Amino acid sequence: MRGGCGGNVVRGVAIELWVQKESISMLPCPLCGSSHHSPHVRVDQYTIVRCQQCAFMFVNPAPTQAELTAFYQDPAYYKGGGLGYNDYFAQRESHETLADQRLKRIEKLLPAPGTVLDVGCAAGFFLAVAQKRGWTVAGVELSEDMAQYARDLTGQPIVPRVTELNVAPETFDAITFWEYIEHIPDPQDEVRRLTTLLKPGGVLALSTPNSSYWGAVYKPEIWREFKPPAHIGFFTAATLTRMLTACGLEVVALPRVFPLAPIHPYAARRLLDLLRRTLGNGAERRTPLWWVFSLAWRIVEKSTQMLYKWRWPDADIEVCIEAYARKPLA
Ligand SMILES: [Zn+2]
């Protein structure tokens with residue numbers, strides 16, 4: 001009897017462990033199909049796992065489609081509140097500057113500006129800048145509030161899903177998705193589908209948080225980009241390259257970049273940036289004091305970077321990756 005009880009307890013524990021293991025390996029890796037994952041970090045009720053075969057990190061089990069739709073239809077997502085776009089509209093100028101830089105990179109890879117599709121276009125700031133640079137634009141945005149804003153801004157139809165675009169294959173010269181791919185449950189399928197809409201020789205460009213970033217590796221429990229259900233897939237330069245190559249694209253450039261606003265571990269940089277802005281005279285900021293603080297800012301930035309590289313050589317100091325890839329002509 002006692003033995004039987006003991007046996008049951010042991011079996012109970014074994015079943016519990018088995019169930020735990022099963023729930024972790026419930027979804028295969030969306031990039032390589034492997035079922036072998038190890039937990040990386042737990043955020044709220046979600047577990048972020050790392051694929052033991054290809055190192056891709058993703059939320060497993062994934063949030064349901066209903067959970068995701070409800071999350072993105074909530075206007076609070078775009079008005080800050082932790083998970084969403086923090087003060088998205090207040091940062092319009094920064095978004096436009098960034099759009100200009102990214103379009104310049106894309107234009108270098110093409111004979112001339114043509115047609116561009118921006119997936120997850122939000123309020124359409126990128127598309128409006130593209131129009132000014134001579135592009136014909138189209139956008140996809142799930143949030144109806146944002147889509148309406150983008151429609152008013154660009155005068156173009158903005159649809160909620162790629163499937164509602166009603167365009168022929170090989171329509172676009174460029175397809176972009178900025179901070180979008182980390183929101184998608186099956187990113188490789190999504191890129192493959194979008195690639196069919198790209199003309200041969202066309203450019204696919206994207207950006208996503210860098211999960212080789214120091215914070216993602218050493219402080220995953222507080223890294224701000226580990227934020228399910230908003231973010232559910234997490235890339236490094238290596239996993240991003242593997243995915244784009246698997247979709248038949250040639251990776252042309254893979255810059256790792258800093259964010260718009262300085263964040264941890266750059267508290268000193270944030271302070272110096274503030275001083276640099278306030279010590280200028282507004283219209284022309286190149287006063288002697290501005291130069292002094294600009295120099296100090298650069299020294300602090302460079303030495304912080306060197307310190308991190310020396311102390312943690314296997315982690316990146318850049319929090320974001322951009323990728324520019326071309327669809328082969330043949
Ligand atoms: Zn994998």
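Every number in this text was worked out from the coordinates using simple rules, so none of it is lab data. As the structure is a computational prediction, the values presented were derived from the model and not from experiment. Note that each Cβ is placed from the backbone with ideal geometry, even for glycine, and that neighbours are counted across all protein chains shown.
Could you list the GluC sites (Glu not before Pro) in the range 186-259 that lie in coil according to DSSP, counting only those with at most 12 other Cβ atoms within 10 Å of their Cβ? Could you put the intermediate results ahead of the total?
Working: sites: 190, 221, 225, 250; in loops: 221, 225.
Within the range 186-259, the qualifying GluC sites (Glu not before Pro) (loop, at most 12 other Cβ atoms within 10 Å) are 221.
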Study note, to complete from the structure: In cubic angstrom per residue, the convex hull of the range 120-211 built on its Cα atoms measures 107
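Which links in 227/302; 104/132; 104/327; 104/199; 132/327 stretch past 22 Å when you go from one Cα to the other?
In this structure, 227/302; 132/327 lie more than 22 Å apart at Cα.
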